[in-house]
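What follows is a set of notes on a single structure, which appears directly below.
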Amino acid sequence: MELLEKKIQKDGIVKAGNVLKVDHFLNHQMDIALFNEMGKEFKRLFADRPVNKILTIEASGIGIACIAAQYFQVPVVFAKKAQSINIDGEVYSTKIESFTHKRVYDVIVSRKYLGPEDHILIIDDFLANGCAVNGLLELIESAGASVEGIGIVIEKGQQMGGKLLREKGYHVESLAIIEHMDEKTGEICFRH
């Protein structure tokens, strides 16, 4: 998606440790006009799939999942990173390791919001090693739901997450795939 790639080139900052900082427009402050275009693009990419729910993980995936959901006209369910008193009843749970935060989270979804009748589109902001997406796939499998696709805003193509998911047969669509980042020069190269 050319619009997104230009925004990454303009405002993205390459940091040590293969980290791309895009908090200016994606995961701290959100550029809603850009989110709207990304939501339209996800709808175009998955238009032939019978999606009836979008699943993401808190917190950075929620914004783009909500915008995309408007185009699919379906609800968004997000996996929470902690048990809270307002989640009653039984839950599906798994553990997810965050590449950015270097920690493991317990994530949960109430069984009320995910079941065998659901056809799920996963939406998330980043795909690196695939830990978050694999955790969401575990939750979907536990619920007996169907995976209709995986939509990613930015994929780090130099890491194995996307490749491994595609090899397993998942329909993965990333709006921007980064092939290479140089922390010294700030250069970002995309795969086309």
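Taken together, the values in this text are just the output of simple stated rules run on the coordinates, not laboratory data. Every value quoted in this text rests on a predicted model; they were computed, and no experiment measured them. Cβ atoms come from the backbone with ideal geometry, glycine included; neighbour counts cover every protein chain shown.
Could you pull out the pairs from K102/K163; K40/K95; K43/K184; K15/K43; K15/K163 whose alpha carbons sit more than 28 Å apart here? Flagged as over cut-off: K40/K95; K43/K184; K15/K43. When the helices of the chain are scored as -39500 (n - 2.57) per DSSP H run of n ≥ 4 and the total is divided over every residue, the value at 222 nm lands at -9000 deg cm²/dmol. With the highest mean first, a sort of the peptides 31-44, 64-77 on other beta-carbon atoms found within 10 angstrom per residue produces 64-77, 31-44. Relative to the longest principal axis of the Cα atoms of the chain, the long axis of helix 60-72 makes an angle of roughly 70 degrees.
Taking the longest Cα principal axis of the chain as reference, the axis of helix 32-45 is set at about 70 degrees.
Rounded to the nearest 10 degrees, the angle from helix 2-11 to the longest Cα principal axis of the chain is 70 degrees.
A protection proxy built from the mean count of other Cβ atoms within 10 Å ranks the segments 7-13, 131-137, 17-23, most packed first, as 131-137, 7-13, 17-23.
Taking the Cα centre of the chain as the origin, how large is its charge dipole in debye, to the nearest 20, when only Lys and Arg (+1) and Asp and Glu (-1) carry charge on their Cβ atoms?
Charge dipole, the chain, about its Cα centre: 180 debye, nearest 20.
Can you tell me which of A16, A59, A143 moves the most in a GNM of the chain? Springs connect C-alpha atoms under 10 Å apart. Between A16, A59, A143, it is A16 that shows the largest mean-square fluctuation.
Principal semi-axes of the equivalent ellipsoid, √(5λ) from the alpha carbon gyration tensor of the range 116-192, are 27, 11, 10 Å from largest down.
Counted over the range 59-171, the DSSP beta bridges are approximately 55% antiparallel.
Among E183, E5, the ranking by other beta carbons within 10 Å of each residue's beta carbon, starting with the fewest, stands as E183, E5. With only Cα atoms counted, the chain has Rg and Dmax values of 16.0, 51 Å.
DSSP assigns beta bridges within the chain; of those with both partners inside it, close to 40 percent run antiparallel. Only one residue of H180, L4, N52 has its Cα farthest out toward the positive end of the dipole of the chain, where Lys and Arg carry +1 and Asp and Glu -1 on Cβ, and that residue is H180.
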